[in-house]
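**Q** The structure under discussion is supplied below as structure tokens; questions concerning it will follow.
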Amino acid sequence: MPQSRLRDNPTRTAAPSGMVFTMNANLSAAIASTLARYDLLTHPFYTAWTRGELTREQLHFYGEQYLAHVAAFPTYLTALHARLPEGPTRRAVLNNAFEEEADGRSHADLWRDFILGMKNRGGMKNIGTHELSSSVVNEKCHFDRSVPAPREHAAEKPASSFDSSAQLPEITALVTTFRDLATTASPAEAIAAFHAYESQVPRIAAEKRRGLRDQYAADDATCEYFRIHETADIHHAAVWTSLLDRELAAAASQGPAALASCEEDILRGTETAARALWTALDGIEATRTQLAA
């Protein structure tokens, strides 16, 4: 009977995201190592953001591209929820989906506020008087090209240089990856993937919001998505961690072979999700650098 390569005494080990795992030390370290290799805050696109090196047009392009993942995220969750047996894990996944889409304004609509803020003067503090209401944001996913262009943070190329109507293949792959994980992967693998994503979000959101305020004079509406996720996903990541522990405990009750398989699923889900998120930014950064050349 195969034994897990990750056997060790239970411990609590901090991951780069600040989350703490209650599981064996080797598995915890392996998850942390994977998240460190794909630490999104070290990606060139995000480091350029925090240093104020991106133009508002580039941020607008990023926002329109990444909307596909943000808008699809609740559907990943409901797809996983639909195939789980009744119990605490299924309820926790559904609660996460509710918070994403139905608890106040949807997170996709908050993301659209960010997109709009990067396109229009209304998204900049103390610049002009143009303001758009939330109802306009909700009604327009693709924004009116007649709205006056903002005074840009840095030297810009013409607006036509970025075509947001065509989804980058890396973004398509990101959505497909998460959808496949939610619909076909084992529960442990899918939960690990969601943990890999949401455990990184709070500190990324904090850095993005700081960059938007300090480098781009973004207003509160433009920053609201990131403000909410600085704290909301601390809770979500903690829930995913507890669900991983639940999966491990259930597997352990079935014997060493089941536990070893569960641990491998967790590592595979972490790697798959983290790599897809990083690669999506690769596509956006490649477009940015090609057009800047």
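The values are calculated or read from the model by the stated rules, or taken from the named source; none is laboratory data. None of the values given here were measured: they were computed from a predicted structure. Note that we place each Cβ from the backbone using ideal geometry, even for glycine, and neighbour counts take in every protein chain shown.
**Q** Output the number of residues of the range 217-253 satisfying the condition of being touching a Leu at 6+ places or on another chain (Cβ under 8 Å), closer than 20 Å to L67 by Cα and either without any contact (Cβ under 8 Å) to a residue 24 or more places away in the chain or surrounded by 23 or more Cβ atoms within 10 Å (Cβ to Cβ) (or both).
**A** 5
**Q** With the requirement that a residue be free of Cβ contacts under 8 Å to residues at least 60 places away in the same chain and surrounded by fewer than 20 Cβ atoms within 10 Å (Cβ to Cβ), what does the range 196-210 give you?
**A** First pass over the range 196-210, keeping only residues free of Cβ contacts under 8 Å to residues at least 60 places away in the same chain: 198, 201, 205-206, 209.
If the condition is that a residue be free of Cβ contacts under 8 Å to residues at least 60 places away in the same chain and surrounded by fewer than 20 Cβ atoms within 10 Å (Cβ to Cβ), then A206 is the only one that fits.
**Q** Condition first: in contact with a helix residue (DSSP H, G or I) (Cβ under 6 Å, 6 or more places away or on another chain) and of a type in the set (G, A, S). Now tell me which residues in the range 31-55 satisfy that.
**A** If the condition is that a residue be in contact with a helix residue (DSSP H, G or I) (Cβ under 6 Å, 6 or more places away or on another chain) and of a type in the set (G, A, S), then G52 is the only one that fits.
**Q** For R37, indicate whether it is more than 30 Å from Q290 (Cα to Cα), modelled with pLDDT of 95 or more and not aliphatic (A, V, I, L, M).
**A** Values: more than 30 Å from Q290 (Cα to Cα): no; modelled with pLDDT of 95 or more: yes; not aliphatic (A, V, I, L, M): yes.
It is false that R37 is more than 30 Å from Q290 (Cα to Cα), modelled with pLDDT of 95 or more and not aliphatic (A, V, I, L, M).
**Q** Further question on the same structure: Restrict the check to the range 82-90 and report whether at least one residue is closer than 22 Å to A292 by Cβ, in contact (Cβ under 8 Å) with a residue 12 or more places away in the chain and among the polar types (S, T, N, Q).
**A** Narrowing the range 82-90 to residues closer than 22 Å to A292 by Cβ: none.
So far as the range 82-90 goes, no, none of its residues is closer than 22 Å to A292 by Cβ, in contact (Cβ under 8 Å) with a residue 12 or more places away in the chain and among the polar types (S, T, N, Q).
**Q** Same structure again: Determine whether the range 77-97 contains at least one residue that is under 15 Å from the mean Cα position of the chain (by Cα), more than 24 Å from L168 (Cα to Cα) and not aliphatic (A, V, I, L, M).
**A** yes
**Q** Here's a follow-up. Tally time: how many residues in the range 184-212 are part of a helix (DSSP H, G or I), among the small types (G, A, S) and under 14 Å from the mean Cα position of the chain (by Cα)?
**A** Taking the range 184-212 first, the residues part of a helix (DSSP H, G or I) are 184, 187-198, 201-212.
In the following step, the residues that additionally are among the small types (G, A, S) were identified as 188, 190, 192-193, 196, 205-206, 211.
From the residues that got through so far, the ones that are under 14 Å from the mean Cα position of the chain (by Cα) too are 192-193, 196, 205-206.
Count: 5.
**Q** Which condition breaks for D265 when tested against (1) touching a residue at least 40 places away in the same chain (Cβ under 8 Å); (2) surrounded by fewer than 16 Cβ atoms within 10 Å (Cβ to Cβ)?
**A** (2)
**Q** With the requirement that a residue be of a type outside the set (S, T, Y) and over 17 Å from R91 (Cβ atoms), what does the range 182-194 give you?
**A** Residues of the range 182-194 that are of a type outside the set (S, T, Y), as a first pass: 182, 185, 187-194.
Matches in the range 182-194: A185, A188, E189, A192, A193.
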